[in-house]
Amino acid sequence: MNRLTFIGSIQLNSPSTGGGVQTKNQHFLRYILSKNVDCRVFDTWKKKSVLSLIMSLIYIVRTKRSEPIILSISTRGAYYIAKILNLTHLKRRIFYWVAGGDLAIDLKNVSLKNRRVYDVFTKVVVQCNYLKRDLEELSITNCAMVPNFKPVIFKPTIDKAIFEKIRFVYFSRVLIQKGIEEIIQAFKSLGNKNICLDIYGTLVPPYDEGYFKDFYYLNINYKGFLDVSVEDGYKQLSEYDVLLFPTYFKGEGFPGTLLDAFIAGVPVIASDFHANGEVLV
């Protein structure tokens, strides 16, 4: 039997309300378990950073040199682990699965010596071609690209239901950098009674349910959490006409919401930011 150690923010045994990283890690864990892999798991979800770092190092030390380790943690945590492994000359087969798309931005002002600590990893795995290219330009040459993924559990019907309004949907974490205010301003500018917007996702301050009640006159409504781990969630998503995703979130990688829109058969209007254009093409 193959053995694997998986260290990452997974949010085990619950819907992935934390965001795209947890969603991807949950799908990956289900996949490897379906392949009869003996997988040892350390879930860093909502654990303090120092505890996560110490426990991650313990798992790494306890893993045999020949056995692969998937490391899917924060950029800062992975950097510290790389530095410690370099200092101790500990050799392990570690595949650092980069969360999000801001690693190259963070490393641009870092010295070449400090960037080369990532050489300790067997592979630095990223989700987008642009990030692989940017990292290679920064002399991180052990990169591999594995796009975001999830199983297709739904097949949309061809005909859309007919509604009186054009139905827009937003489906991601609800935070300022994802473009929520830009969407609200667009609806104010249009002032059209024949459009509406439903917002799904985990609320991040300053947003709460009461915030969106002020925009009821614009036909903007917060609808809570939409679970697309089940077919009914995709069926509900498929009933919308257009998904809006005007993100400028620094950590955006290969957004899972674009995968969900694709599976549900919903067209997308997105910002030309990070990998959005690459993914949509």
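The values are calculated or read from the model by the stated rules, or taken from the named source; none is laboratory data. This structure is a prediction, so every number in the text was calculated from the model and none was measured. Here the Cβ positions follow ideal geometry from the backbone for every residue, glycine too, while neighbour counts run over all protein chains shown. Heads up: the accessible areas ignore ligands, DNA and RNA and are worked out on the full protein's heavy atoms, side chains in. Shrake-Rupley method; radii C 1.70, N 1.55, O 1.52, S 1.80 Å.
Worth pointing out:
- Accessible-area composition of segment 1-156, carbon plus sulfur, in percent [1.4 Å probe]: 55 percent
- Segment 69-156 - charge dipole about Cα centre, Lys and Arg +1 at Cβ, Asp and Glu -1, debye rounded to 20: 260 debye
- Rounded accessible area of PHE42 (nearest 10 Å², 1.4 Å probe): 10 Å²
- Taken along the Cα-to-beta-carbon direction at a fixed 7 Å, the label points for TYR59 and TYR31 span 1.8 nm.
- The simple Förster model, with R0 at 51 Å and r as the Cβ-Cβ distance, assigns GLU164 and LYS48 a FRET efficiency of 0.55.
- Entry note, segment 17-137: relative contact order of 22 percent, from Cα contacts under 8 Å with a spacing of 6+ residues.
- Cα gyration tensor, segment 42-124 - rounded (a/c under 1.5), prolate or oblate: oblate
- Shape call, segment 183-281: gyration tensor on alpha carbons, a/c limit 1.5: rounded
- Estimated FRET transfer efficiency (ILE153, ASP241; beta-carbon r; R0 30 Å; 0.05): 0.85
- Cα gyration tensor category, rounded, prolate or oblate, for segment 1-87 with a/c compared to 1.5: oblate
- Dimensions of the chain based on its C-alpha atoms, expressed as ranges along the principal axes with the largest first, amount to 65, 43, 35 Å.
- Where only DSSP H runs of four or more residues are counted, the chain gives -10000 deg cm²/dmol as its mean residue ellipticity at 222 nm, each run worth -39500 (n - 2.57).
- For segment 1-62 versus segment 237-281, the inter-centroid distance based on Cα atoms is 26 Å.
- Solvent-accessible area, 1.4 Å probe, carbon plus sulfur percent, for segment 177-281: 55 percent
- Per residue, the solvent-accessible area of segment 1-87 (1.4 Å probe, heavy atoms of protein chains only, all protein chains present) comes to 54 Å².
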